[in-house]
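Peer 1: First, the structure itself, so that you have it in front of you.
What follows draws every value from the coordinates through simple rules; no lab data is involved. These figures come from a predicted structure and were not determined experimentally. Cβ sites come from the backbone with ideal geometry, for glycine too, and all protein chains shown count toward neighbours.
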Amino acid sequence: MILSQDNRTRLAAAYDKYVDMLFRLALSHTASREDAEDAVQDVFTKYISTSPRFRDDEHERAWLVRVTVNRCHDLVKHGKIRMHDSLEDITDLPSEEDSASGILKAVGELPEKYKTTIVLHYLEGFSVEEVSGMLGITLSAVKMRLSRGRELLKKTMTDEEENDV
């Protein structure tokens, strides 16, 4: 497929603007760097092949987020997530004091609807209104998912602390 100069410019701008956010979102769903990279590559391949037209930047961002979540969901559903450890992961020794990685692991184990909402709001810094627009759900649904997700995280983290004692 040969892209026009305009499409190449549009793709490059979207890639530069959103790739980091989409990668972190995909990583939270796949728990694998390689799978997250594959998912983001698939998203931008779809972006190129469909050449969607957007009303504004928010519409474009919402489309990219939705396609990323859907792609990650497909990877998980069809068992295409890599079930092996990379050499980098094997050589890294876990750190007891790294509680952030424990929280991120707990977020990664949440059901998809809570995980996506929490990642977009707390980790990516989007407002409740922005998350609502990206996911195509009501404000009250976003707030409920955030609340329930926090409760699940709290329970998970409390259970892990009790098991460590």
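Peer 1: Determine, from the Cβ-Cβ distance of residue 2 and residue 144 and an R0 of 41 Å, the FRET efficiency 1/(1 + (r/R0)^6), rounded to the nearest 0.05.
Peer 2: After rounding, the FRET efficiency stands at 0.30.
Peer 1: I'd like the distance separating the alpha-carbon centroids of segment 110-131 and segment 1-69, in whole Å.
Peer 2: 18
Peer 1: Extension gain residue 45-residue 66, at 0.36 nm per residue separation less the Cα-Cα distance, in nm?
Peer 2: 6.1 nm
Peer 1: Right, something else. May I have the pair-distance distribution P(r) for segment 97-165, computed from all Cα-Cα distances with 5 Å bins from 0 and rounded to whole percent?
Peer 2: So the P(r) values, bin by bin, are 3, 18, 27, 22, 14, 9, 5, 2, 0.
Peer 1: State, to one decimal in nm², a quarter of the convex hull surface area for the C-alpha atoms of segment 1-67, i.e. the direction-averaged projected area.
Peer 2: With every direction weighted equally, the projected area is 4.4 nm².
Peer 1: For the pair residue 129 and residue 109, how long in nm is the line joining their label points, each one 7 Å along Cα→Cβ?
Peer 2: That separation, rounded to one decimal, is 3.7 nm.
Peer 1: Using the Cα centre of segment 97-165 as the reference point, and only Cβ charges (+1 on K/R, -1 on D/E), how large is the resulting charge dipole? Debye, rounded to the nearest 20.
Peer 2: With Lys and Arg at +1 and Asp and Glu at -1, about 480 debye.
Peer 1: While we're here: Can you work out the FRET efficiency for the pair residue 53 and residue 151, with r the C-beta to C-beta distance and R0 = 41 Å, to the nearest 0.05?
Peer 2: 0.55
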